[in-house]
Amino acid sequence: IKYEQLFDLPSLKIKSSIWYNYNDNEVTDIKDAKITRSNSFREIDKLENGQPKHSAKWLNALDFGNFSAAVNINYFGSFKDVPPSGEASYNFDPIVTTDCDVSYKYNKNISFAVGGLNIFNAMHSKWDRTISSGGGYFYAKDGLLPYSQYSPMGFSGGYYYIKASVKF
């Protein structure tokens, strides 16, 4: 579902959008007899539960003269992942991230921007087991990979940038 509104004022343009997505995946048929739920639990569970059932975005863009700005708020619902050992699914909590960008158009060919993705450095919950409880050295909250590698919003935290663009 997508809703968009444009406000075109004399010296200011504002565009705001709301997006919502619902996922409901289910593996109903497997063509290869060698593949079953018991020997391929991790892969099947990733297909069915590895993405949030609910996700939403609120996108906002402003243009005023040579300046423009964007602020986007992203919601990712809970999701599940199974560590490679395949013993059980783990639930990861919902999360909200915020992206921001401010740019200045020097002329029709040169622009500058500063911004970031996930600017408040929001992080998904970690695996709910420890190395000592059988998590292994990788997939544990105190292990080398404390976050699911399949997190829908990444697992590296915030990303910030300064950008100069030139069109030829």
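The values are calculated or read from the model by the stated rules, or taken from the named source; none is laboratory data. Keep in mind it's a predicted model, so treat the numbers as computed, not measured. Quick reminder, even Gly has a Cβ in these numbers, built from the backbone with ideal geometry, and neighbours come from all protein chains shown. In case anyone asks, the SASA skips ligands and DNA or RNA and just uses the protein heavy atoms, side chains included. Shrake-Rupley method; radii C 1.70, N 1.55, O 1.52, S 1.80 Å.
Counting only protein chains, not ligands or nucleic acids, how are S156, S148, S55 ordered by accessible area (probe 1.4 Å), most first? Let's see the in-between values first.
Values: S156 100, S148 5, S55 30 Å².
In descending accessible area the options line up as S156, S55, S148.
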Q. Going highest first, how would you order 40-47, 62-69, 10-17 by mean Cβ packing within 10 Å?
A. 40-47, 62-69, 10-17
Q: Name the residue farthest towards the positive end of the dipole of the chain from the options V71, Q51, A88, assuming +1 on Cβ of Lys and Arg, -1 on Cβ of Asp and Glu, about the Cα centre.
A: V71
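When only C-alpha pairs under 8 Å and at least 6 residues apart count, what is the relative contact order of the chain, in percent?
Working: 359 pairs, mean separation 27.1, N = 168.
Computed over the chain, the figure is 16 percent.
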Q. What percentage of the solvent-accessible surface of the stretch 1-74, computed with a 1.4 Å probe over protein heavy atoms, is contributed by carbon and sulfur atoms?
A. 59
Q.
Show me, for the stretch 150-157, the HN-Hα J-couplings you get by feeding each phi into the Karplus relation (A = 6.51, B = -1.76, C = 1.60, θ = phi - 60°), rounded to Hz, glycine and proline as x.
A. 9, 4, x, 10, x, 9, 9, x
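With a 1.4 Å probe and every protein chain left in place, work out the accessible area per residue of the stretch 1-135 in Å², rounded to a whole number. Please report the intermediate quantities before stating the final value.
Details: 8630 Å² over 135 residues.
Spelled out: the 1.4 Å probe surface of the stretch 1-135, per residue, equals 64 Å².
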Q: Using a 1.4 Å probe and counting only protein heavy atoms, arrange F168, F79 so the residue with the most accessible area comes first.
A: F168, F79
